[in-house]
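Take a look at the structure below.
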Amino acid sequence: MAELPPTTSVRRWLVTTNHKDIGILYTITALFFLLFGGVLALLIRVQLWDPANQVLSGLAYNEAVTAHGLIMVFWFLSPFAFGFANYFVPLQIGADDLAFPRLNALSYWMYLFSGILLGISFFQGGTLDAGWTMYAPLNVPMYTPSIGSTGAVLALFMFVVGVTASTVNFLTSIHHSRAEGMGLMDMPMFTWSILATVWMMLFAFAALLAVGLILASDRVLGSVYFSATEGGSLLWGHLFWFFGHPEVYIVFFPALGVMLELFQTFSGRRLVGRKWVIISICLISVQSFLVWMHHMFLTTINLEIKTLMMATTIGISLPFDLLVFALIYTLIKGRIQFTTPFLFAFGALLLFILGGITGVFLGAIVLDYEFRGTYWVVAHFHYVMFGGATALFGGAYYWFPKMTGKDVRRVPRKGPLRRLLHQLQHGVLLDVPRVGDPAACLRVQPGVHDHPPGRDRGCVHPRVQLLHHVLQLREVLRLRARRRGQPVGLLADGRVGGLLAPTA
Amino acid sequence: MKDYVPDGGPAVKADENGNAVTDGGDHHSDHIRNYPYWDKHASHASIWPFLLSAALGVLLLGLSGFNPATEFHFGNSLADFSVDILNPIYPVLTVVGLVALMWTGWKWGMEDFYAPPSEFAERWPFEGVEKVKLGMWFFLASDVIVFGAFISAAVFIRWNAGWGTWTPIPDQLPGLINTFVLLTSSFTVILALVASHRKNRKGLLAALGATTILGTTFLAVKAWEWWTKIYVDGVFLSTAAEPYSAVQASVYFVTTGLHAVHVIGGLFIALFLFYRAYHGAYMEDERPVEFFGLYWHFVDIVWVFLFPLFYLF
């Protein structure tokens, strides 16, 4: 059993250890978990839509919020990124495959089965309802008694075991299998971002494994770590957030790597300040382990330590500034091709800037006291996470031809699908995190761009008006392009004509 | 083949006059032929990752409901020990999963899967480190963090309780004996490596056997220790017994328990190596013995930290 059956057979996909196959498996499975987590998000919105309605019970709502967080952070974002990492890192470093092919397959199957365990936990008396941060003592059996809560914790434990295998694999591969003459500074930016990610993963996920084991011990064996009055709940905070802060960069860095690649390709030039970008990536990776208490500003930690953490938090924002400036200057100094992958990457940068700035405010202790428990926090992390996800989708468009051998299919210019898209564009705004009455928005006619005169026509959210202005601007630009005889819309070579860039 | 790092030599092959060989030369330099399986085709498929993951999934599914499904009665002595099984599904899944995990792990080890390192590569800063050894060191680094977190948790809880208010739960003498036992087993595992390197099958079996016996002795002493604590002093995971608080008991049992789990896992691997050595393996390639030795030393070093923390202060 050492040779591969053909791709059309099921057996092939169960036994393959090939990095490209496993990359594809990760990507498709992650998209499924995106849908799962997305449905949970919709359930949250349904619940919040109207204060009078209670579609879900209180407990079920908490389960939805918890599972939404766990699934999106663990089972969607990172695996989606690692689908690309699996496929492209060996290609980028000139290796035949990852260092440990069976271990690679193991990481994938651990990921899948852990997700299945999480799904099963819903049916074991209800899944965990303690939030994705699973704070103590809410996470002990006295306060979250369902078997499914333990099931969710063990599912996460299994996920982390798989992640550890993947980490060892990527570290060994990147440090041991690079092509001759490819020094670390010569590696492509996506591989660099993955290298930084897996170094952080090595130490961060080990902490999560430990805290997960302690929680599992409390729940399965009956130990009393997290219900102890001698600092049990604070212990959870420290151990979890020591993992939790590097984790958010672990989630973001692969997306950053995709952005770095796409910005270079579609501006036609090497990254401005490439060496400094690499140094910043390394600095952030190290500093990410020095800021965790900024997630704990509302605990009994003394002010001196909290102030130190505020200082380190400001410190970690500095290399991020450099990264953002490097990206922007690369565009300024380049000749931009407005292809679909580029638009995703650029949009990702905009979202990330917004999210990142809100994060800096959260790093101030006194502001944190006010922001805690508000939508400021929710908005901050959703903007940065969506920034990451958007960049990864850009990567999907960018790498789709290479992974499948096919072109990305275009949306037809006419027909019912086009009409539906047009109506959606002009009617419904997908915003983060709130809408007004979406049903009213759907009543807006396509092609009519006047905003309603009063504020009580249903679709009243200011951001909807903003979208209308943006679409008006787009129509103006298109009209200008058409009058000049320039092509408009999706072009054959993948660029989008009729925007600001002068086309040939 | 100790520490062999395949390096195909210079990219341009030269003849004895220093001129480039006209047909490109043999793409294997001389010393790659020293690598045991240099001309073997790389493997691409294995069912064991899938099956092992499934086994772990079953085990964890069983554990999720294990606590509510079972009631353990410790009684006054070991003879009175009993378990009530209220719902058989979860305990059965646990046992089936555990057995399946061991079986799939064994088969994984037995599989003839060949994943060679790159012949030519840039490896800074890890030049000269063999591929699997590098992977093993990365894994051990993460395990250091795991135990670091457990030890940090112990220190944190004890600090919050008032450092001086805790007296050691276990007795010092069994702990000291166990320390010597484990340190000696680290020595015997080195003897195993040397025996393998010298192609001494009997020596390898003897040393691996000694390591296994010493490891088992460690577990036996620990089991006796725990029995004393549970049955004589009446302290266990969540039961306080003067002068120990419940959380102090938890910290002691869970941390040393995690270490014991690592010892058990190591003994499972040692048995696997013994079985393979018995059938003639590790005479040409002693690296698996070395990697096991690295893991075993790690387990030993963790104990060197746990012993003072829980037994001495």
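Here the contact order of chain A, divided by its residue count and restricted to Cα pairs under 8 Å and six or more residues apart, works out to 10 percent.
Efficiency by 1/(1 + (r/R0)^6): what FRET value for A:ILE116 and B:THR217, r their Cβ-Cβ distance, R0 = 51 Å, to the nearest 0.05?
On the way: r = 41 Å, r/R0 = 0.80.
After rounding to 0.05, the efficiency reads 0.80.
Between A:ILE314 and A:ASN53, the contour length at 0.36 nm per residue exceeds the Cα-Cα span by 89.7 nm. Across the options B:ILE190, B:ALA141, B:ALA260, the greatest Cα extent toward the positive end of the charge dipole of the stretch B:130-313 (unit charges at beta carbon of Lys, Arg, Asp, Glu) belongs to B:ILE190. Calculated FRET efficiency, B:GLU242 and B:GLU111, Cβ-Cβ r, R0 41 Å, to nearest 0.05? Efficiency, from the Cβ-Cβ distance: 0.15. Note on A:209-217: average number of Cβ atoms from other chains within 10 Å of each residue's Cβ is 5.
Expressed as a rounded percentage, what relative contact order does the stretch B:130-313 have, with Cα pairs under 8 Å and six or more residues apart?
On the way: 182 pairs, mean separation 59.9, N = 184.
Result for the stretch B:130-313 is 33 percent.
From Cα pairs below 8 angstrom and at least 6 apart in sequence, can you work out the relative contact order of chain B, rounded to a whole percent?
Working: 344 pairs, mean separation 60.6, N = 313.
Reported relative contact order: 19 percent.
Filter the cross-link list B:LYS107/B:LYS222; A:LYS275/B:LYS131; B:LYS107/B:LYS131; B:LYS40/B:LYS107 down to pairs whose alpha-carbon distance in this structure exceeds 24 Å.
On the way: B:LYS107/B:LYS222 30 Å; A:LYS275/B:LYS131 28 Å; B:LYS107/B:LYS131 22 Å; B:LYS40/B:LYS107 21 Å.
With Cα atoms farther than 24 Å apart: B:LYS107/B:LYS222; A:LYS275/B:LYS131.
Each residue of the stretch B:242-252 is assigned a 3J(HN,Hα), and the resulting list reads 3, x, 9, 7, 4, 5, 5, 4, 4, 4, 5 Hz, derived from the Karplus form 6.51 cos²θ - 1.76 cosθ + 1.60 (θ = phi - 60°), x at Gly and Pro.
Using r as the Cβ-Cβ distance of A:ILE301 and B:TRP227, and R0 as 41 Å, what FRET efficiency do you calculate, to the nearest 0.05? Each step should come with its number before you reach the end.
Working: r = 40 Å, r/R0 = 0.99.
FRET efficiency, A:ILE301 to B:TRP227: 0.50.
A simple spin-label model places the labels of B:VAL144 and A:THR7 4.2 nm from each other, with each point 7 Å out along Cα-to-Cβ. For the stretch B:111-134 versus the stretch A:60-129, the inter-centroid distance based on Cα atoms is 27 Å. In this structure the amide hydrogen of B:THR70, modeled in the peptide plane, comes within under 5 Å of the amide hydrogens of B:LEU86, none closer than 5 places in sequence on its chain. Comparing B:GLU111, B:GLU130, B:GLU286 in a Gaussian network model of chain B (Cα springs below 10 Å), the most mobile by mean-square fluctuation is B:GLU111. When a/c is below 1.5 the answer is rounded, else prolate if a/b is larger than b/c, else oblate, so apply that to chain B with a ≥ b ≥ c taken from the square roots of the Cα gyration tensor eigenvalues. Prolate shape, in that a/c is at least 1.5 and a/b is the bigger ratio. Peptide A:165-173 has a mean shielding of 5, counted as Cβ atoms of other protein chains within 10 Å of each residue's Cβ. When a/c is below 1.5 the answer is rounded, else prolate if a/b is larger than b/c, else oblate, so apply that to the protein assembly as shown with a ≥ b ≥ c taken from the square roots of the Cα gyration tensor eigenvalues. Judged from the Cα gyration tensor, the protein assembly as shown comes out oblate (a/c at least 1.5, b/c at or above a/b). Backbone geometry of the stretch A:306-312 corresponds, through the Karplus equation with coefficients 6.51, -1.76 and 1.60 at θ = phi - 60°, to 3J(HN,Hα) couplings of 4, 5, 4, 5, 5, 5, 5 Hz, x marking Gly and Pro.
For the stretch B:40-47, putting each phi into the Karplus relation 6.51 cos²θ - 1.76 cosθ + 1.60 with θ = phi - 60° gives couplings of 8, 6, 5, 8, 10, 9, 7, 8 Hz, in residue order, rounded to whole numbers and with x for Gly and Pro.
GNM on chain B, alpha-carbon springs under 10 angstrom: the most fluctuating residue among B:GLY162, B:GLY265, B:GLY97 is B:GLY162. With a 10 Å cut-off around each Cβ of B:143-151, the average count of Cβ atoms from other chains is 6.
Per-residue ellipticity at 222 nm for the protein assembly as shown, helices alone: DSSP H runs ≥ 4 residues times -39500 (n - 2.57), over residue total, nearest 500 deg cm²/dmol? Could the numbers behind the result be given before it?
Numbers: 24 runs with 505 residues, N = 817.
Using -39500 (n - 2.57) per qualifying helix, the result is -21500 deg cm²/dmol.
Every number in this text was worked out from the coordinates using simple rules, so none of it is lab data. Here the structure is a predicted model, which means the values were calculated and not measured. Heads up, the Cβs are rebuilt from the backbone with ideal geometry, glycines too, and the neighbour counts pull from every protein chain shown.
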